[in-house]
Amino acid sequence: MKMNNSSAPKAETTHSTIAILQTTRFGDLIQTAQAISDLKTQFPHYRIILIARSQFAKPLDFIFNKLVDKTYLLDTKSIFQNAELNGLSTTLLNLEAFLHQLKTESIDVLVNLSFSKSSAYLSSLITSHHKIGAHFDFNNRMCINDKWSQMLFSTVMRGNLNPYSLVDLFRNIIGIKAIEKKEKATPVLLANKKKNIVIHPFASQERKSWKADKWVEVIYKTLKELDSVTISIVGSKSEFSKSQLILDNPLLKNYSHRITNLTGKTSIEQLAEEVKNSKLFVGHDSMVGHLAAFFNTTSLTISLGSVRPQETTPYHDRAYNLSPRTKCFPCFATDNCQNFQCHHDISHQAVSASIKLLLEKNEISSSDVKKYISSFHLSAVNFYKASFSNQQLILENLIEGNLDTAEIFRNFFRVTWSFIISDIEEAVPFPRLSTSAHKEMLSTLSGLQHLFELSDFGKRYSRYILEEISSATPSISKIKDFSKKIDEIDQLQAMVQKTSPYLSPFIDYFIVRKANLQGDNIVKLTENSYFAFEECGNLSKILYELIENSITEFKISSPRNEVNK
């Protein structure tokens, strides 16, 4: 167990202390740092501490020492390494020693930004006045009380319908108000960056990264067409042999003097400096892309496999993302896949052309995509550019045409969640529907109608219970009968989810809301049940209106034979 004092000693104050618990890996920690940066800007008087795993947080100290007042490093290897040899008691003593350090803090609010069972248990063991995010109560029941954490828990990694960047979800969970995002990478700053491309051609899983030969093609074409450009290949020590597969290819022999292999040769701080001083980052979803965003370096991310672009695209307005339209993309890490079709759907020509545009023009527009990149190479991809709307990251598709159904629903969900949870009105244009999207919308309308009706029934039976309790002679049997009706409604909502899968985020959110009703007696629990059903009904109404208006627009703008198909 280690404690890292990230700054000089400070005078004693009575300012509130916020503890951020983030036990995940490098990328999530950098995204957490971006949220903490906004917290520090908005509430400079708060005292902020970070609780994170030593192996990931310690190498990022050069970032966090400017953002937090203290970092507590959870050395899991030290705590658990001798568990089998010395038994559970030694491990518990090690963990208790770490928790004892935290008891010296007077934590006002503990915010758990990890969505794993282990972090929820750790959150339960840390003393604080208030807790946000997942934690366990004394009955070993997981509690998630705030709405944004409930939304994250019910959507992230459960499918591809989450519309928010993880940074924005972290900001919303912490409670950071919208801050106007201004472009930091001015033309002057861009001009001072060296004409170098940092390429990270690797990923944590095979399904998330190209084979070496495609990267060879990208590097070869880039160096051949852009005489003054150099390339740095970066990665961890374990990826060195993979980098050699690229560099040893005969196609790159004449350009080897313009390629520097930094794989396994830099610390993360040195890597960050390389990214900071370069004009462009190109690679798969990884920590390096988030470093690029942190230091305002233009990035081009190639998303494959289980990567969800809306969640993990680098968080700044100079981020671009190429992702496949493959039907099974994005998948789950547990899905069986042999062919990696999504790898083939993004061509190396599209990536090379994008690199050239970014180095020559510093940006890419929809007209650039149409003019400079062959439609043949764009037929199976989505090409996103990041920007900010209502101070939250959105991805604009630079390829004109009909949006796929999942993308339409993500936009609708953003409008709905933002209004219901944060009272923010999002303005999005009505989408152009394809014939297949039109059919799926019609099918979802039917499911929404059922969902609204079930919510209405839920409110009604919740009200019946409250009325019976407040009567002069309450009937236990009647209360039980009404409760059974509510249980039946929950089961019927699960059936709606099966027939209308695009409604899964709402239904899953409602399940989490119902599982975390506040109250220590039947009256308070029933009142909150009523409000949960009411919220589900409001979500359904807003989404129904969005879909209905989109269908109306489709009918007006489409030929009659298309509508009737």
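Only one of the numbered conditions (1) small (Gly, Ala, Ser); (2) open to solvent by 70 Å² or more (accessible area, probe 1.4 Å); (3) closer than 29 Å to residue 545 by Cβ is not met by residue 472, and that is (3). Among the residues making up the stretch 395-404, a single one is touching a residue at least 40 places away in the same chain (Cβ under 8 Å) and within 27 Å of residue 38 (Cα to Cα): 395.
Name the single residue, out of those in the stretch 379-400 being within 18 Å of residue 350 (Cβ to Cβ) and assigned to a loop (DSSP other than H, G, I, E, B), that is most open to solvent (accessible area, probe 1.4 Å). Restricting to residues being within 18 Å of residue 350 (Cβ to Cβ) and assigned to a loop (DSSP other than H, G, I, E, B), the top hit is 400. So which residues in the stretch 118-141 are in contact with a strand residue (DSSP E or B) (Cβ under 8 Å, 6 or more places away or on another chain), farther than 29 Å from residue 415 by Cβ, not hydroxyl-bearing (Ser, Thr, Tyr) and not in a helix (DSSP H, G or I), if there are any at all? If the condition is that a residue be in contact with a strand residue (DSSP E or B) (Cβ under 8 Å, 6 or more places away or on another chain), farther than 29 Å from residue 415 by Cβ, not hydroxyl-bearing (Ser, Thr, Tyr) and not in a helix (DSSP H, G or I), then 126, 129, 130, 131, 135, 136, 137 are the ones that fit.
Could you tell me whether residue 460 is at pLDDT 95 or above, open to solvent by 30 Å² or more (accessible area, probe 1.4 Å) and not hydrophobic (A, V, I, L, M, F, W, C)? Yes. The residue pairs whose first member lies in the stretch 421-444 and is of a type in the set (Asp, Glu), whose second member is assigned to a helix (DSSP H, G or I) and open to solvent by 70 Å² or more (accessible area, probe 1.4 Å), and whose beta carbons are closer than 8 Å, counting only pairs six or more residues apart or on different chains, are 425/419; 426/419.
I'd like to know if the stretch 486-503 contains one or more residues that are over 23 Å from residue 424 (Cβ atoms) and aromatic (Phe, Trp, Tyr). Within the stretch 486-503 (the criterion being over 23 Å from residue 424 (Cβ atoms) and aromatic (Phe, Trp, Tyr)), the answer is no, since none of the residues qualifies.
For the stretch 325-346, the condition holds for at least one residue, the condition being that it is open to solvent by less than 20 Å² (accessible area, probe 1.4 Å), within 30 Å of residue 277 (Cα to Cα) and either in a loop (DSSP other than H, G, I, E, B) or basic (Lys, Arg) (or both).
The values are calculated or read from the model by the stated rules, or taken from the named source; none is laboratory data. Treat the numbers as computed from the prediction; the structure is a model and nothing was measured. Methodologically, a virtual Cβ is constructed for each residue, glycine included, from the backbone with ideal geometry; neighbour enumeration extends over all protein chains shown. We work out accessible area using only protein heavy atoms, side chains counted, and drop any ligands, DNA or RNA first. Shrake-Rupley method; radii C 1.70, N 1.55, O 1.52, S 1.80 Å.
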